[in-house]
Amino acid sequence: MSALVTALRELWGLFVDDGSLALALVLWCAAVGLILPRIGVSGEWSGPILFIGCLVILLGNIALAARRHRSVR
């Protein structure tokens, strides 16, 4: 059983290196897909809002990783 768990973790690690980044992006995409149409945002703005949110999440994750890396030294 332990070998199966180890294999599944390794498989997960191939696709998701940073779980918090993946979770944040999935939640952001779901929020954009579910909330924007309900509040009346036109379709032409949905793409830029999705992109900007993903960019902010990515930059925040990079800043957090850099801060962790600096504190290790």
For a quick check of your reading of the model, give me the residue pairs whose first member lies in the range 50-73 and is under 21 Å from LEU34 (Cα atoms) and touching a residue at least 24 places away in the same chain (Cβ under 8 Å), whose second is of a type in the set (Phe, Trp, Tyr) and part of a helix (DSSP H, G or I), with beta-carbon atoms closer than 8 Å and at least 6 apart or on different chains.
GLY53/TRP28; CYS54/TRP28; ILE57/TRP28
Specify the residue that is farthest from VAL56 (Cα to Cα); the eligible residues are those in the range 1-33 that are at pLDDT below 90 and polar (S, T, N, Q).
SER2
Cβ pairs under 7 Å, 6+ apart or interchain, first in the range 1-30 and of a type in the set (Asp, Glu), second surrounded by 10 or more Cβ atoms within 10 Å (Cβ to Cβ), ordered by first then second residue, are ASP18/ASN61
Being more than 15 Å from the chain's Cα centre (by Cα), surrounded by 10 or more Cβ atoms within 10 Å (Cβ to Cβ) and among the β-branched types (Val, Ile, Thr) is the filter here, so list the residues in the range 1-32 that pass it.
THR6
Which listed residue, of ILE49, ILE62, ILE35, ILE39, is surrounded by 13 or more Cβ atoms within 10 Å (Cβ to Cβ) and aliphatic (A, V, I, L, M)
ILE49
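The values are calculated or read from the model by the stated rules, or taken from the named source; none is laboratory data. No experiment lies behind these values; they were computed from the predicted model shown. Because the Cβ atoms are built from the backbone with ideal geometry, glycine has one as well, and the counts that use them run over all protein chains shown.
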